[in-house]
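Chemist: Okay, here's the structure, questions in a sec.
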Amino acid sequence: MNSIRIRFSLMLVGTVLSVVILATVVISQMVTGLVEQGFRDALASRVAAFASTIKIEGNDAIFHLQPTPIEGKLLEAQTNLLQEAFQKSQANFDIFVKQTPDGRRWASIKMGPGWLSWPIRENAPPPEVWWGLAGWMILITVGVIGVALTVAHQTTKQLKLLQSIAMSVGKDGMLPVLKEEGSIEIKATAQALNMMGASLKKAMDSKIRLVAAAGHDLRTPMTRMRLRAEFLNEREREEWLQDLDEMDRIADSAIQLVREETVGKGTERVRIDELVGDVCAELILIKMPVTIAGLDPGSVKISPLALKRALRNLIINAATHGGGAIVSLEAREGFAVVIIDDNGPGIPETFLASAFEPFFRVDPARRQPIPGAGLGLAIAKEIVERQGGTLQIENRQPHGLRQTLSIELDSANVSSVAA
């Protein structure tokens, strides 16, 4: 019985049968009552009609026939139908069905020298029958709708489970381990998702090991190439060393990007205004064009080393490619917002969506006058998102680029900072 399919089927069949049986019992009781009432009313009206045409003499009853049919409007259709019924019974009589001014219908039958008039009841069902049918249909409709809503609720309940699982996927792309309990279908789904999560983790770990190993193994041949470059003439040696330096940066950045994918969210409480100020001071110390526009106080829960790397990448990106970085920190509605502006050429709108992709460069040329592997923004975005924040970039007007880092303030310190 621990199967959703079986439970749904039994619930559906049981509910529909219950509704149909209940509605049928109700309508049967109503129809039975109407039939009995109709019998009583018909018997009473016929006895009343006989009483006016019969004369009792001792034990005999003598009919008093009328000399003419009853007066009223002739109903041709009912007359023809009644004549056909008498003909089927091998009784050939002259018959007329008329409606008297009081609205009652009478059948006048020619019997010998006179006419016998007989009351005819309405053949249409009384209003109670229609009300009963309407109630029967309402019960059926309500029951079916109730079943449909219940089945839909149970079905979407399972879909909500899948939705919650999808929403709980971490920044690393890993699925949480699910409890394998419940119905047969839920257990099977949980087992399949756990197997998929294990396979994804295995693939991610394999990728990390592969990139780390490749970066490490590259260093040996690159070192040999540096030694050999020393025997070249000065011009060729300089070109070889520039290429090797660029390969070093690419390998280091790739390893760093893969490592950041394995780092979870930090829980250390840090004054983000002090952290941003320290990063700016370090870059100013090495003669980079960095300006601090203002730093609002605030605390966040993060990994300070990871966020420092992200900030350093973003500020260096603005300082080297934008002609100088203008850094500010604002507290907005429970978030610490770091804004890094520059006055450079910005990024064409068509390339903005690709700016965070690994090895992205606005200039399609492979050789760059400014050193870089094109992984700075990708690494920064990976770090920021794993620390629970967001990173956005947009062009400024009339020129320049704005990089905006937002991360939630530590609620325990918001009130104390404000005070």
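The values are calculated or read from the model by the stated rules, or taken from the named source; none is laboratory data. Quick caveat, the model's predicted, so the values are computed rather than measured. So basically every Cβ, Gly included, is an ideal-geometry build from the backbone, and we count neighbours across all protein chains shown. Please note that ligands, DNA and RNA were not included when accessible areas were found on the heavy atoms of the full protein model with its side chains. Shrake-Rupley method; radii C 1.70, N 1.55, O 1.52, S 1.80 Å.
Chemist: Picking from 192, 213, 203, which residue would you name as being among the aliphatic types (A, V, I, L, M), modelled with pLDDT of 75 or more and open to solvent by less than 70 Å² (accessible area, probe 1.4 Å)?
Modeler: On the way: 213 fails: modelled with pLDDT of 75 or more; 203 fails: modelled with pLDDT of 75 or more.
Going through 192, 213, 203 in turn, the sole match is 192.
Chemist: So which pairs qualify, if the first residue must be in the stretch 282-300 and within 25 Å of residue 268 (Cβ to Cβ), the second must be part of a loop (DSSP other than H, G, I, E, B), the Cβ gap must be under 7 Å, and the two must be at least 6 apart or on different chains?
Modeler: Hits for this filter: 298/409; 299/409; 299/410; 300/409; 300/410.
Chemist: Picking from 354, 328, which residue would you name as being free of Cβ contacts under 8 Å to residues at least 12 places away in the same chain and open to solvent by 10 Å² or more (accessible area, probe 1.4 Å)? Write out each step before concluding.
Modeler: Working: 328 fails: free of Cβ contacts under 8 Å to residues at least 12 places away in the same chain.
Of 354, 328, the one residue that is free of Cβ contacts under 8 Å to residues at least 12 places away in the same chain and open to solvent by 10 Å² or more (accessible area, probe 1.4 Å) is 354.
Chemist: Something else now. Pairs only if they're at least six apart or on different chains, beta carbon under 6 angstrom, first in the stretch 67-85 and closer than 15 Å to residue 105 by Cα, second among the β-branched types (Val, Ile, Thr); list them, first residue then second.
Modeler: Listed by first residue and then by second, the contacts come to 72/100; 75/97; 78/97; 79/97; 82/95; 82/97.
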